[in-house]
1. For the range 103-134, what are the residues that are touching a residue at least 60 places away in the same chain (Cβ under 8 Å), part of a loop (DSSP other than H, G, I, E, B) and in contact with a helix residue (DSSP H, G or I) (Cβ under 7 Å, 6 or more places away or on another chain)?
2. If you scan the range 213-246, which residues turn out to be under 16 Å from the mean Cα position of the chain (by Cα) and farther than 22 Å from residue 274 by Cβ?
3. Given the criterion part of a strand (DSSP E or B) and more than 15 Å from the chain's Cα centre (by Cα), identify the matching residue among 142, 89.
4. When you look at residue 337, is it out of contact with any helix residue (DSSP H, G or I) (no Cβ under 6 Å at 6 or more places or on another chain), outside any loop (DSSP other than H, G, I, E, B), farther than 22 Å from residue 209 by Cβ and at pLDDT 95 or above, yes or no?
5. If I filter the range 311-326 for residues that are at pLDDT 95 or above and assigned to a loop (DSSP other than H, G, I, E, B), do I get at least one hit?
6. Filter the range 25-69 for residues that are exposed (fewer than 15 other Cβ atoms within 10 Å of the Cβ) and on the phi > 0 side of the Ramachandran plot; which is modelled with the lowest pLDDT?
7. Of the residues in the range 138-175, how many are closer than 14 Å to residue 120 by Cα and out of contact with any helix residue (DSSP H, G or I) (no Cβ under 6 Å at 6 or more places or on another chain)?
8. Identify the single condition in (1) without any contact (Cβ under 8 Å) to a residue 60 or more places away in the chain; (2) under 23 Å from residue 147 (Cβ atoms); (3) outside any loop (DSSP other than H, G, I, E, B) that residue 62 does not satisfy, given that it satisfies every other one.
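The values are calculated or read from the model by the stated rules, or taken from the named source; none is laboratory data. Every value quoted in this text rests on a predicted model; they were computed, and no experiment measured them. With ideal geometry, Cβ positions are generated from the backbone for all residues, glycine too; neighbour counts draw on all protein chains shown.
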């Protein structure tokens, strides 16, 4: 992991090396974006079907869409109400070629690529979309090797070692690489992070969301990381299969209670509670435009070199979730260090 001094030096060098065009000043053409695995979804090995929350949102917040053509779309379609200026999706690839072609037609994407690798050619950046597999990180290897700035949707990987390997590749190649939960960047979460010092020392917190611990629990954990920062050292899961009650202990002694349950036991949603020595706060985030905020952060990173979330922090997030999962299976406290190996 780079030192703070190395991190700042790399960030400054990244800004200097970025063409003026991509830094948002006097742009002669839009930033050209490729969308990978963006038009279909198949959760954890299920058959893929047309439609993608993240993929359609990313496409529409850059290119807009034709409302008449959209009526013929079957499957999930999230039409962003906001646009990111100066960005154009110019290529798309998906394992379901027909779905990619239909989304391209609706959103005015000029090229449907035959392979994921082709989608990373002749572009300024690529966004690899959450496609349900938990393995979308594999598509990041080629653009990272080529030096193409890459966004990999959450979760970065389903295991800490996979996440660590792809993060190390990005650092070794010096390629901009980002992965994060969209909840990190919604305004009320950002505001709560700024308010945190007024709450005094925080020794206890809870964060909750629905569904599987790693794949969806990342949203709850990143709510906490956005406000409390990194530094978790161990997990003890005292829940039951499908109902996770994970005590996440930080190096500074703070305990975060992570509550993540499948839909049979808990309705989906997101919440964080902070208990400080000077005050308490509870937040159920406003999810409006959350995909816009996420992609806008990546675009700013490409243009300026300002890394919104160090990729090593995302590796730690995956390690914490994996430690929580292993703790339940092995009925013991599991350290983050042993998960990372």
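1. 109, 113, 116, 124, 129, 130, 132, 134
2. Scanning the range 213-246 gives 214, 215.
3. Going through 142, 89 in turn, the sole match is 89.
4. Taking the combined requirement at face value, the residue satisfies it.
5. No, the range 311-326 contains no residue that is at pLDDT 95 or above and assigned to a loop (DSSP other than H, G, I, E, B).
6. Among those residues, the one meeting the criterion is 26.
7. 6
8. Unmet condition: (1).
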